[in-house]
Every structure is written in structure tokens, then in C-alpha cells.
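Please read the structure below before turning to the comments.
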Amino acid sequence: MDVRRRLGILAGGGTLPREIADSAVRRGMPVTIVAIDSEADRDFGPHAVTRVNWGQLGGMIRAFKAARVTDLVIVGRVTRPEIGIMRPDWGFFRHLPRVLRIVASGGDDGVLRHVVRFFEGQGIRVVGPDMAAPELVIGEGAMGAARATPADQTDIQQGMALIRALGAYDIGQSVVVAEGRIEAIEGVEGTDRMLARAAARRADPSHDLARKGGILVKRSKPGQDLRVDMPAIGPATVTGAKDAGLTGIAVEANTVIAAERARTLRDADAAQMFVQGVKDEDLGAAQRRFNPRLVAMSFRRANRVKPAEHATLDAIKALSVVDALARFSVGRAAVVVRNHVLAVETGEGAEATLQRASGLRQWASITRRRRGAAALRDMQDLTPDVVTAVADAGYAGIAVGGALYAADATREAAIAAAQERGLFVLLRQNAERSGG
């Protein structure tokens with residue numbers, strides 16, 4: 001070990017920050033922990049902790065520089081903070097232009113890339129949890145007593161393929177797959193809430209879903225910066241998968257870490273659930289991050305409300321996500337706000353997806369203007385109830401792609417309702433109106 005290296009940990013919630021600190025100390029590396037108030041756990045054992053508010057950038061930097069930190073791990077569960085709840089210090093205002101660029105960068109990948117640049121601009125190297133505590137990484141093969149079956153392997157590769165397809169749009173670290181059917185895709189809510197949603201849908205007799213069986217597949221998004229956003233599982237993942245009736249958890253080998261590894265495996269064995277590291281069988285070509293400004297997609301307005309440029313870009317991204325999901329037989333709707341994909345439809349219908357998305361949010365907003373767009377695959381989902389859901393959620397409008405349609409009373413009522421609520425309705429040019 002290089003004794004000149006000193007590890008800093010910027011800690012969010014969960015046990016991983018403490019586990020990484022323990023691992024580094026065992027190897028003789030000095031550790032300094034800065035914990036985010038309202039996010040980080042209270043117990044860091046013998047490790048000294050400096051606690052700061054989200055807005056106290058100066059306090060974070062001073063603590064790390066005073067300890068002569070050379071390497072920094074940013075790890076732990078966090079919520080997306082609102083500007084209004086921050087208690088900024090002078091360092092926040094000093095770096096305000098960069099903070100605003102971070103907030104406006106769009107999607108988790110964009111935000112985190114800017115965070116890395118910020119700390120490395122302070123002379124601190126950002127490293128991944130795998131470098132700080134390599135024993136936490138899940139390798140290839142089964143971790144516990146249970147093993148995936150050949151049928152499971154088919155579902156696993158289906159899940160891997162879906163996450164790969166969505167990687168460019170910065171969404172979908174986890175999916176639930178059962179007998180080839182995609183039952184849930186993780187949006188900004190995180191894996192635990194996605195699993196709870198899958199469990200609730202399976203328990204609802206009105207849904208034609210499997211009541212048991214199926215796999216949670218979790219992997220890195222292609223192009224994801226694993227230094228600051230390495231996927232993780234833990235005991236809560238096992239509990240959520242068990243509650244949803246799943247039979248296994250498959251993760252991409254060497255890119256996912258296990259929190260509380262011994263307890264995770266003990267709980268999985270007790271539930272007769274496999275936990276397995278799997279290689280992606282089809283890595284394919286590297287994906288570029290999706291940029292809606294580079295996409296040639298034309299629209300015409302169905303009403304008189306004109307969208308702002310940022311809303312049109314969100315509409316392009318939302319429809320592109322819907323297009324990418326078509327071959328997986330899901331994705332009738334998607335919601336994008338400020339370039340963040342909040343939610344995608346996975347069989348529950350457009351209205352239910354919009355209602356779910358209304359309870360989710362992107363990184364801190366500095367404006368109260370209507371932002372974002374809902375995309376619908378085709379006109380059959382454009383109803384007055386969908387328009388109400390979009391308006392109540394505070395989005396700017398709706399974009400529709402897909403097949404030709406004939407004017408009918410439901411669609412005309414929806415377009416009129418959108419006009420009344422101040423929402424734009426954009427029709428992709430291959431979805432022109434006919435009749436009436």
C-alpha cells in the first residue's frame with residue numbers, strides 16, 4: 001500500500017460508506033469522512049465524521065484538504081436535493097456558476113460527471129468503491145447456495161439487453177423480467193421502490209402478471225462512470241425481491257458491489273434465492289450519450305400552445321426512449337423533465353405511468369415554470385384523463401409518435417383539454433391527423 005495516499009469518503013445513506021472506511025483502515029490507509037446531513041447514517045463507529053449540509057461545499061473541501069486527502073470515494077444513497085432546503089456557505093456561492101452547470105447537466109450521469117470534475121478541479125482524485133474496497137465487488141458466478149436455471153439465464157440476458165438499450169438515455173440500472181416479459185424498469189425512484197412497485201402490481205388481481213418467479217437484473221449502464229455511480233445490492237434488495245416473489249438476483253459481474261455481503265447472502269439463502277454475477281453476452285459497440293439536439297425529429301402542433309425549446313428537446317428524448325423500448329413490448333409512455341428520464345411505462349398503462357412519475361423528481365430545479373414532456377407511443381393513449389395527469393404533474397405538454405389516426409371525439413376532447421390547461425400537444429410528422 002502507498003502510505004502517501006489518504007482516502008476521503010463523501011458519505012450518503014446506507015452501510016457502504018462505513019464498510020469502505022473499515023476496509024481502508026484495515027489496509028492501513030488514513031480515512032476522512034464527510035457525511036451529508038439528512039442522508040448519511042448516524043453510526044460510523046470509530047471513524048471521525050464531519051457533517052455538512054448539501055449546500056456547504058466550502059465545508060466539504062476544507063475538511064478534505066485539512067486531512068490532505070488524495071483519493072475520494074463518493075458513495076451512499078442520496079435524494080435529489082432542492083435548492084430551497086440547502087444552507088449554503090461561502091464556498092457554495094464561490095462555486096455557484098459550476099453548481100448551476102451541475103444542476104442543469106441533465107440526468108444522473110451528467111450530474112455525476114460534473115461532480116467528478118468539480119472535486120478533481122480541487123486537486124482530489126475521485127476513485128470508485130471497487131478501488132477503495134475491492135472485496136465488495138461481485139465477481140462472476142453464484143455467490144450463495146442457489147443457482148440460476150437455463151430458463152433464468154434467458155430472462156437474465158433479456159434484462160441485460162434492455163438495460164443496454166436504455167444506457168444512452170441514462171435510465172434503467174435495474175429491471176424485473178419474468179418468462180421473457182419486462183415487468184418493471186427502474187426510473188429515478190431507485191431499485192427498492194421499483195421492487196415495491198413490482199410487488200404491488202403482482203398482488204393486484206386486475207393485472208395479468210406472474211405471481212411468483214422472475215429475476216431482478218441489475219447492471220451498469222453502458223458508459224456509466226463507475227467511480228461515482230457503481231450499482232449496488234444489499235439486504236434490502238433481497239427483501240424487496242422476495243416480497244415481489246422473485247427467484248433470483250442477477251448482476252453484471254465485476255461492476256456491482258454488495259453491501260453487508262454476509263447478511264445479503266444469508267438472507268438470499270434463507271429465501272432460496274440465487275445471487276449471481278453474470279457476464280453480458282453481447283457487449284456490442286460502445287454507446288454515446290443521447291443528445292436530443294442531434295436528433296432530426298419534426299413535429300406539428302395539434303393545438304395553439306407553442307413549446308419552449310427545452311420542452312421540445314425533452315419531447316424528442318421521451319419519444320426516443322419509447323422507440324428504444326418498442327422491441328421489448330413495453331414503453332407506451334415516458335416522462336422526461338430537464339433531460340432526466342423520470343419514468344417509463346411497463347404494462348401499467350400511460351395514465352398510471354404519469355401518475356407515478358408525478359411523485360418523482362429530477363435534480364434541484366431553480367424555476368417554477370412548467371418543465372418536461374410526456375411521450376405517448378400512439379394516439380390511443382391521448383385521452384382527457386391523460387391530459388389531466390400531465391397538467392396536474394406540472395409538465396409542459398405531450399408528444400405523440402407512431403401510427404396515423406383518424407379524428408374522433410376522445411382525441412378532440414383531449415386536445416381541447418390540453419389547450420385549456422396550457423399544454424402543448426406535438427404530433428411527430430409520421431403521426432399526422434386524418435379525417436375531420
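Taken together, the values in this text are just the output of simple stated rules run on the coordinates, not laboratory data. Not measured: the values here are computed from a predicted model.
Expressed as a fraction of 2.2 N^0.38 Å, the value expected for a compact globular protein of N residues, the C-alpha radius of gyration of the range 137-278 is 0.95. If you take the Cα centroid of the range 111-162 and the Cα centroid of the range 14-43, the two points sit 19 Å apart.
Stretched out straight at 0.36 nm per residue, the stretch from ARG300 to ASP385 would grow longer than its current Cα-Cα span by 28.4 nm.
Pairs over the 30 Å Cα-Cα cut-off, from the set LYS212/LYS317; LYS65/LYS317; LYS65/LYS221; LYS218/LYS317: LYS212/LYS317; LYS65/LYS317; LYS65/LYS221. Counting 0.36 nm for each residue step from GLN429 to LYS279 and taking away their Cα separation leaves a gain of 50.0 nm.
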